[in-house]
Amino acid sequence: MEQMTIQTSTKQYPLFLGEGISERLPELLKTLGFARGTKVLIITDGTLETLYLSELVSLLHHDYSVYTHIIPSGEGAKSFENYYACQTAALAYGLDRTSVILAFGGGVVGDLAGFVAATFMRGIAYVQLPTTLLAHDSAVGGKVAINHPLGKNMIGAFHQPEAVIYDTRFLQSLPERELRSGFAEVVKHALIGDRSFYTWLKETIHCLEDIKGENLKYCIRKGIEVKARIVREDEKETGVRAHLNFGHTLGHALESELGYGMMTHGDAVALGMLFAVFVSERVYHVSFADERLTSWFQSFGFPVALPTELSIERIVQKMKGDKKAQAGNIRMVLLREIGHVQVETVTDKQLVAWLEEFSQSEGK
């Protein structure tokens, strides 16, 4: 088992990484200060309920009072209705300020359960138990939220977990589209903050089958290192933490406009990154052609062209609703060079022109 320390301006907490480490969950919860008999609410989704929930409950029930609440699988679950249902469950089970919520799942479960923990009785403890590759990004850093039809993650809080317990065994059941979705965030971390990691990815990961075993653990660890470094410097996104949104300005707009769950988060972010690189070349007068990012992304099955049914004008309006927008101006994270990004303001007129050009070139 590997252990990393996540440091923010308000909190320090451990991240445990390894295969099979969930078997040590009762021991780890005790080291975190949760006494025997503490009420534990596991929030998970329907898929994980079938695969692993009974095993998790069995591990814990000798030491803790264990309750469960199941939400639907998929991005659509990050809704006010499911948030309210989780709060109702916490109240019905009699959770108090000494209780703990276990967010057992991918990014959707982690974001929703974390927001429940942040707001139940004005904030109780929670622990992230990620089960997807995508969650290596969302489980670290304390950003928790639900979606609104007008924008993704627009209702939320900053609430750091007590720990992240990352058992890679759970990733063995991931379908291909979810593994690909998580890999997009791995690539993002390399592009924005670690050129040597990017080089390793290009040389080592040629298809999704390559993301397993030690390669998988290395991807998770290096991605978390980049994110942890940024979060340590800027916990509440007043500065450099915005760099983590590389590819997300267009990506979130696509998810919202298409309908949450129609395109995976990672696919939307991958397309958003290609567009951000496209814009970067025009703003900074540089070329990333030698990186052959489009063909590399295609080799994993990522989309490289905007869906033809989308209205560019509507996409721009969605992008204007992004959390990074200021006074109605769109701000994009752009790539100066591999490992170095910067936030720039772009006008609606520029954006429309670039989206039309990008669409016509199919992202190439």
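Side notes on the structure shown:
- Cα-projected label distance for Thr308 with Arg36, points at 7 Å along beta-carbon direction, nm: 6.7 nm
- Reducing the stretch 58-126 and the stretch 238-268 to their Cα centroids gives an inter-centroid distance of 24 Å.
- When each of Lys212, Lys188, Lys222 is scored by the number of other beta-carbon atoms lying within 10 Å, the sequence from fewest to most is Lys212, Lys222, Lys188.
- For the chain, built as a Gaussian network whose Cα springs stay under 10 Å, the top-fluctuating residue of Leu28, Leu179, Leu274: Leu28
- Segment Tyr84-Ala157, extension gain: residue separation times 0.36 nm, minus the distance between their alpha carbons: 24.7 nm
- Normalised contact order of the chain, rounded percent, pairs of Cα under 8 Å and 6 or more residues apart: 15 percent
- The mean sequence distance of close C-alpha pairs (under 8 Å, at least 6 residues apart), as a share of the length of the stretch 173-247, puts its relative contact order at 35 percent.
- Which labelled figure in [x] 121; [y] 332; [z] 164 is volume of the Cα convex hull per residue in Å³, once derived from the coordinates: [x]
- Shown here for the stretch 181-212: chymotrypsin sites (Phe, Trp or Tyr not before Pro) in loop regions (DSSP other than H, G, I, E, B) with at most 11 other Cβ atoms within 10 Å, of which there are none.
- Here the mean projected area of the convex hull built on the C-alpha positions of the stretch 176-361 is 10.1 nm².
- Neighbour counts of other Cβ atoms within 10 Å put Val66, Val283 in the fewest-to-most order Val283, Val66.
- Sites matching GluC sites (Glu not before Pro) across the stretch 1-83 that sit in DSSP coil, with at most 16 neighbouring C-beta atoms within 10 Å: Glu19
- Annotation for Leu208 and Glu337: the two label points, set 7 Å from Cα along the Cα-Cβ direction, are 3.5 nm apart.
- Gaussian network model of the chain, Cα within-10 Å springs - most flexible of Gly107, Gly33, Gly20: Gly33
- Length added when fully stretched, Ser173-Ser287, from 0.36 nm per residue minus Cα-Cα: 37.2 nm
- Length-normalised contact order of the stretch 89-167 in % [C-alpha pairs under 8 Å, at least 6 apart]: 30 percent
Here, each number is a calculation from the coordinates, and none is a lab measurement. Because the structure is predicted, anything quoted here is derived from the model rather than measured. Neighbour counts are summed over all protein chains in view; Cβ atoms, including those assigned to glycine, are modelled from backbone coordinates with ideal geometry.
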